[in-house]
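Here's the structure we're looking at; comments come further down.
FYI, it's all coordinate maths here, none of it is from the lab. What you see is a predicted model, and the numbers here were worked out from it, not measured in a lab. Here the Cβ positions follow ideal geometry from the backbone for every residue, glycine too, while neighbour counts run over all protein chains shown.
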Amino acid sequence: MNKILKFDICVCGYSFKDTIYELNSFPEENSNKSYDAVVSNKFGGVFNTLRALRFLNKKIKIKVLTILGKDEDGKQGLKEIKKLNINHNSIVFNNSTSTSLNIINKKKNTKTFIVRFNSKKIHNISNLEDSKWVHFMYLDNVEFINQFKKIVLNKKKDQFFSADLSRRTISKLDLSKYLNKLDFLICSTKELPSLFKSNRCNEFNQYSMQKIKTLSKKIKYIVVHNKFKSLGFIDGTLIEVKNNNLVNNRNINITGAGDTFTASLINDFITNNMIDNKSISDAHKIASKFCMGKIKI
């Protein structure tokens with residue numbers, strides 16, 4: 001039991017060195033047009049959730065299981081994790097650090113990711129039995145399942161598993177046996193078609209609601225959100241929380257907003273051992289402040 005309780009949470013998933021281009025419109029194919037782009041670099045993937053968790057709570061004991069390259073980017077990523085006071089003993093180093101090119105349309109607040117996975121298959125991964133809670137990012141990606149599926153399936157007694165999603169197109173990946181291991185699922189309405197393998201899932205329509213309700217019989221805690229509201233199935237009870245912190249459409253920070261929302265829910269659950277209307281309302285507030293640049297994470 002003491003081994004399980006050593007860490008409050010472990011965040012498990014891929015890391016990326018992000019190069020972010022903020023443009024007023026997406027580039028056109030075969031175009032030589034010059035774009036006035038704002039360019040920045042940062043670490044994404046698990047780093048988004050780690051930074052947000054540490055910003056929200058300086059005391060919780062966090063560890064991370066991720067893959068960094070044996071390169072300069074990997075060294076810089078490790079430095080950031082150490083600076084956040086997060087246990088890094090389960091980080092695996094191989095090949096080069098995975099990268100992501102993020103192109104953001106500032107006028108429409110939309111984004112396109114071009115991801116390159118440089119990590120080779122890892123066969124020896126540290127066990128996570130010393131973590132009471134394990135959060136998986138992002139469960140619906142084929143690359144995640146190929147690398148980390150054994151950890152998801154080998155859940156230990158008394159462990160709490162959560163996951164979020166990121167895929168917005170339907171794939172053949174069957175998540176059923178992985179979803180059965182979860183205690184808590186967090187996603188946006190944009191990922192519902194991928195989750196339920198149907199384009200009939202359109203926001204919170206009747207079809208989506210029935211699918212979520214059915215899934216809630218297997219997963220005790222589910223929170224699905226968009227920018228207007230969240231719906232939660234908490235131990236079989238449906239709750240609705242409106243987002244009263246809507247941001248305007250000018251120069252907002254959308255990269256990492258969903259991860260910040262998720263981190264807020266996780267932190268509140270760890271702190272108060274429950275999810276309720278206030279938890280979800282606070283998550284909307286934190287994510288909205290992040291989008292508007294009112295808080296730096």
For the stretch 3-40, list residues with backbone N below 13 Å from a point placed 7 Å from the Cα of N199 toward its Cβ?
none
Which whole-number percent is the relative contact order of the chain (Cα, under 8 Å, 6+ apart)?
16
Greater than 30 Å separation of Cα atoms is the criterion. Which listed pairs, K172/K218; K61/K296; K156/K229; K58/K294, meet it?
K156/K229
Hey, which aspartates and glutamates would be in cross-link range of K217, C-alpha to C-alpha under 14 Å, not counting anything within fewer than 8 residues on its own chain?
D183, D235
Among DSSP beta bridges whose residues both lie in the chain, state the antiparallel percentage, nearest 5.
45
The stretch 153-297 - share of DSSP beta bridges that are antiparallel (%, nearest 5)
60
For the chain, what is the mean residue ellipticity at 222 nm derived from helices alone (per DSSP H run of n ≥ 4: -39500 (n - 2.57); sum divided by total residues; nearest 500 deg cm²/dmol)?
-8500 deg cm²/dmol
Backbone HN-Hα couplings from phi across the stretch 23-32 [Karplus 6.51/-1.76/1.60, Hz, Gly and Pro as x]
10, 7, 7, 6, x, 8, 5, 6, 9, 9
Given a Förster distance of 41 Å, report the FRET efficiency between D174 and K294 from their Cβ-Cβ distance, rounded to the nearest 0.05.
0.50
Label K79 and K229 with points 7 Å out from Cα along Cα→Cβ: what is the distance between them in nm?
4.7
By a straight-distance test (C-alpha under 15 Å), which aspartates and glutamates pair with K107 as possible cross-link partners, with residues fewer than eight away in the same chain excluded?
E22, D36
Can I get the semi-axes of the stretch 4-291's equivalent ellipsoid? Compute them from the C-alpha gyration tensor as square roots of 5 times the eigenvalues, in angstrom, largest first.
27, 25, 19
